[in-house]
Amino acid sequence: MDKHYYITTPIYYPSAKPHMGHAYSSIITDVFARFKKIDGFKVYFLTGTDEHGLKIQRASEENNMNPSDFCDKISKTFKDLCKTLNLSNSDFIRTTEDRHKKSVQHLWTELEKSGDIYLSKYSGWYSVSDEAFYNDNEIETKDNYKVSKVSGSKVEWVEEESFFFRLSKWQDKLLEYYEKNPQFILPESRKNEVVSFVKSGLKDLSVSRKSFSWGIKVPSDKDHVIYVWLDALTNYISALKYPDISNDLYKKFWPADVHIIGKDILRFHAVYWPAFLLAAKIPVPKRIYGHGWILSGEEKMSKSKGNILDPIDIIDNYGLDPLRYYLIKEVSFGNDGTISKDKLEDCINSDLANNYGNFCQRVTAFAEKNCNSKIPSKINFTEVDNKILNKFSENLTNLRNYINNQKLNSYVDFIVGSLFDANKYFNDEEPWAKKNDIERLNTIIYTSLELIRKISIMLYPIIPDSSLKSLKIFDINEKDITFDSIKDNNFLKANNKISKTDILFKKILK
Ligand code: MSP
């Protein structure tokens with residue numbers, strides 16, 4: 001039986017070109033997707049762009065373009081970024097596509113049928129930047145502007161006829177769901193935030209707008225467009241061809257295993273989305289993981305703050321894999337983090353160039369000279385070899401659990417520790433001093449080559465390109481990688497050819 005895994009990024013607003021925050025959400029998601037792939041799962045990894053609503057309409061007006069052309073243009077930069085970041089996404093959905101519109105309108109009709117939609121009038125605060133409604137107690141005045149206390153973004157007063165979703169009706173059901181599924185919202189601190197928000201009382205949610213037209217029309221009343229968050233969240237099922245729930249994609253992949261999102265959009269994913277789904281009798285996703293922000297200075301990056309860090313600049317200067325490695329290792333997953341050039345350069349020099357790249361080169365160069373560029377035969381593991389090699393099989397379950405519970409830093413810590421141990425092993429065992437004891441020399445080299453193989457496989461989800469370059473030493477290709485094989489201490493076959501590896505990472509002169 002095939003095992004399936006469905007993981008998503010948020011779909012990005014194409015209001016301006018992508019920045020490091022967007023790259024972060026996508027890279028993180030890619031790491032999990034790639035891990036699950038090499039661990040034998042059929043993975044569906046979805047990303048895309050969220051193209052309706054006032055935010056996009058206004059951005060297109062500022063650029064003197066019609067919204068549709070504007071979205072085509074900016075959405076393409078997000079799609080291109082998938083390539084630049086070497087994402088393994090299965091699909092890229094745009095909410096302006098027909099497949100999505102049909103799905104959203106169907107969901108709307110289901111919500112109407114279940115009695116969860118009614119017509120009334122909205123009067124209250126709205127943030128176009130967040131596309132969110134705020135209660136009076138969530139607003140404060142700053143520099144003469146009304147802003148949301150939650151996000152700091154400006155709000156405006158809205159008064160118009162609107163359809164409402166009976167969110168209040170779902171309050172107890174949601175609390176019950178959180179209680180029964182304690183791992184639904186992670187990390188724990190975010191879950192507590194959501195639970196106390198829901199406990200404080202849910203008001204019905206305005207889910208349509210009448211004063212602008214850039215959106216998906218309410219099927220039963222064409223004067224209204226559907227609230228952009230109800231529209232956007234539906235992408236997670238429209239990509240699986242909802243409402244055709246008997247098709248293979250939907251059957252195999254829904255409910256999603258995890259929606260990776262930033263902490264700023266937790267309320268939409270952990271409150272509104274499950275409420276819509278419960279109302280429409282659709283299964284709820286298994287997990288929402290709210291990661292922290294990549295800060296620029298002390299603040300979240302945003303177009304309005306003008307403090308954007310461009311991922312392409314960093315990739316041009318340092319390369320993609322160093323950026324991916326840095327974001328995974330140096331940001332404590334779940335919390336906010338920063339990008340510092342200094343730390344990025346340290347990561348490259350110490351972890352990537354020295355501990356990993358240089359180790360691969362030293363071992364293969366030695367094997368080339370002393371083992372005729374072949375995997376050595378006649379080996380005899382001693383206690384010290386077994387000890388270092390067995391660590392991987394001993395930790396196999398832990399490592400899988402780290403990934404399944406989004407404990408990325410624990411996963412990376414294991415790799416960093418393994419690299420340290422591998423270098424120490426090679427230095428301590430001194431194969432260059434064993435030229436009179438070929439069996440020992442062969443065993444040290446074999447063990448070191450196995451360490452390269454195992455660690456490269458572990459690194460594959462994080463730095464796929466560099467890992468594949470290393471695995472070329474053994475002629476292992478992407479499609480052949482299995483995570484499970486890291487438990488095998490005798491995977492490499494005696495007398496197979498060893499190919500030399502290029503310099504994997506250039507050291508940065510500081
Ligand atoms: N369109 C909505 C999401 C709809 S999902 C059904 C949206 N788009 S966004 O472009 O503003 O943000 C997308 C994601 O990028 C969010 O998860 C957000 O947290 C993340 N980031 C935006 N800036 C960020 C940082 N500075 N740091 C890390 N991630 C942040 O919200």
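The values are calculated or read from the model by the stated rules, or taken from the named source; none is laboratory data. Note that the coordinates shown come from a computational prediction; the quantities given were computed from them, not determined experimentally. Cβ: placed from backbone, ideal geometry, glycine included. Neighbour counts: every protein chain shown. These area figures cover heavy atoms from the full protein model, side chains too; ligands, DNA and RNA do not enter into them. Shrake-Rupley method; radii C 1.70, N 1.55, O 1.52, S 1.80 Å.
Considering only Cα atoms, the convex hull volume of the stretch 407-510 works out to 136 Å³ per residue. Label-to-label distance for Lys102 and Glu179 is 4.1 nm, based on points extended 7 Å past Cα in the beta-carbon direction.
The accessible area of Phe414, taken with all protein chains in place and a 1.4 Å probe, comes to roughly 30 Å².
Which pairs in the list Lys173/Lys263; Lys76/Lys341; Lys454/Lys497 are over 21 Å apart, alpha-carbon to alpha-carbon? Pairs exceeding 21 Å: Lys173/Lys263; Lys76/Lys341. Taking all protein chains together and a 1.4 Å probe, the residues Ser373, Ser75 rank Ser373, Ser75 from largest to smallest accessible area.
Past 28 Å, Cα to Cα, is the threshold; run Lys329/Lys507; Lys83/Lys252; Lys42/Lys374; Lys55/Lys113 against it and keep the listed order. Distance filter (> 28 Å) returns Lys42/Lys374; Lys55/Lys113. The apolar share of the surface of the chain, taken as the fraction of accessible area on carbon and sulfur atoms (1.4 Å probe, ligands and nucleic acids excluded), comes to 47 percent. Heavy-atom accessible surface of Arg190, to the nearest 10 Å², is about 20 Å², with a 1.4 Å probe and all protein chains retained. Calculated accessible area for the stretch 50-112 comes out at 45 Å² per residue, all protein chains present (probe 1.4 Å; ligands, DNA, RNA ignored). Rounded to two decimals, the Cα radius of gyration of the stretch 420-464 over 2.2 N^0.38 Å is 1.33.
From its DSSP helices (H runs of at least four residues, each -39,500 (n - 2.57)), the chain gives a residue-normalised ellipticity at 222 nm of -13000 deg cm²/dmol. In terms of its C-alpha gyration tensor, the stretch 320-419 comes out oblate, because a/c is 1.5 or above while a/b does not outweigh b/c. A Förster radius of 51 Å combined with the Cβ-Cβ distance from Ile508 to Lys113 puts the calculated FRET efficiency at roughly 0.25.
Report the antiparallel proportion of the DSSP beta bridges in the chain as a percent, rounded to a multiple of 5. The antiparallel fraction comes to roughly 55 percent. Accessible area per residue for the stretch 341-487 is 42 Å², calculated with a 1.4 Å probe on protein heavy atoms, without ligands, DNA or RNA. Accessible surface for Glu439 stands near 90 Å², nearest 10, in the context of the full protein assembly shown (1.4 Å probe).
Modelled spin-label separation between Leu468 and Asp421, with each label point placed 7 Å from Cα along the Cα-to-Cβ direction: 2.9 nm. Straight Cα distances below 16 angstrom link Lys217 to the lysines Lys101, Lys102, with same-chain residues fewer than 8 positions distant left out.
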